[in-house]
Amino acid sequence: MTDIQRKSFETPVHGTYLLRRPVATDTPELPVALVGFHGYGETATEMMQAMERIPGSERWFLCSVQALHPFYRKTGEVVASWMTGFDRDNAIHDNVRYVSAVVGTLRERHGIARFAYVGFSQGVAMAYRAAALGGHWSHALVALAGDVPPDVAEAHPPNFPPVLIGRGSEETWYTEDQLVSDVAKLEKMGVEARAAHFEGGHEWTEEFLTEAGTFLKQHLEPPSD
């Protein structure tokens, strides 16, 4: 039988992110940003549209990061995925480094003082990894319909931000048992974690958007002393 070896090596790639500056006139004195990660088979544009619906987001920078692995929908539209099980550890490393570079760019170019992360579905794992492994201090994390990845739970990162976890009553992909387990994992890590239940399925609803807005405002815009 032929001796076939599989080798891995690093190579640079180009990523894409969307940036929307604050559109309100009464913005925080120190700039703040919400960085978002879309779900499987979605785009940065779809995530940006969801983030813009969060009450209070007009006061913040919004950054929506597009996953590095594009593919075609049956309609011909180009969408993306964060990773598959193939070469998983290297994919995690590449994604974390990519997102860390995006956040570093925001800090350098726009003087962002406070950050929060938000993820939907497959993008939830990326939000957790960005907060735990990305090397930038963050102040809040919103996770909608996705679980805590095992590498984050095992890392026990210090200074992990408070987390709001959302799950719809008709959700089938992210179960109630997974939510309960994730809250327990986070609390074991010393993280403030809260579950937000709402009527709906695997989706952004007005009910959850409102709760997310209240949570993010509390941590991105703390009252002045």
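Numbers at a glance
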read-out: Every residue from region 28-52 that is in contact with a Leu (Cβ under 8 Å, 6 or more places away or on another chain), surrounded by fewer than 18 Cβ atoms within 10 Å (Cβ to Cβ) and assigned to a helix (DSSP H, G or I); value: 45, 52
read-out: Strands (runs of 3 or more DSSP E) wholly inside region 118-202 containing at least 3 residues that are aromatic (Phe, Trp, Tyr) and modelled with pLDDT under 95; value: none
read-out: Subset of region 65-113 that is among the polar types (S, T, N, Q) and in a loop (DSSP other than H, G, I, E, B) - its residue that is surrounded by the fewest Cβ atoms within 10 Å (Cβ to Cβ); value: 75
read-out: Residues that are under 19 Å from residue 128 (Cα atoms) and crowded, with 19+ Cβ neighbours inside 10 Å, drawn from region 165-188; value: 165, 166, 167, 174, 179, 182, 186
read-out: Conditions (1) touching a Ser or Thr at 6+ places or on another chain (Cβ under 9 Å); (2) over 24 Å from residue 209 (Cβ atoms): number failed by residue 55; value: (2)
read-out: Candidates 195, 143, 184, 127 - the one that is at negative phi and more than 18 Å from the chain's Cα centre (by Cα); value: 184
read-out: Every residue from region 190-214 that is surrounded by 17 or more Cβ atoms within 10 Å (Cβ to Cβ) and more than 15 Å from residue 120 (Cβ to Cβ); value: 191, 193
read-out: Scan of region 180-225 for residues that are β-branched (Val, Ile, Thr), under 27 Å from residue 155 (Cβ atoms) and touching a Phe, Trp or Tyr at 6+ places or on another chain (Cβ under 7 Å), ordered by number; value: 191
read-out: Residue satisfying all of: in region 53-64; outside any loop (DSSP other than H, G, I, E, B) and in contact (Cβ under 8 Å) with a residue 60 or more places away in the chain; farthest from residue 13 (Cα to Cα) among these; value: 59
read-out: Boolean, residue 208 is farther than 12 Å from residue 163 by Cα and hydrophobic (A, V, I, L, M, F, W, C); value: yes
read-out: Selection count where residues are in contact (Cβ under 8 Å) with a residue 40 or more places away in the chain and within 17 Å of the chain's Cα centre (by Cα), scope region 159-173; value: 4
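The values are calculated or read from the model by the stated rules, or taken from the named source; none is laboratory data. In this text, all values refer to a predicted model and were calculated from it rather than measured experimentally. Cβ: placed from backbone, ideal geometry, glycine included. Neighbour counts: every protein chain shown.
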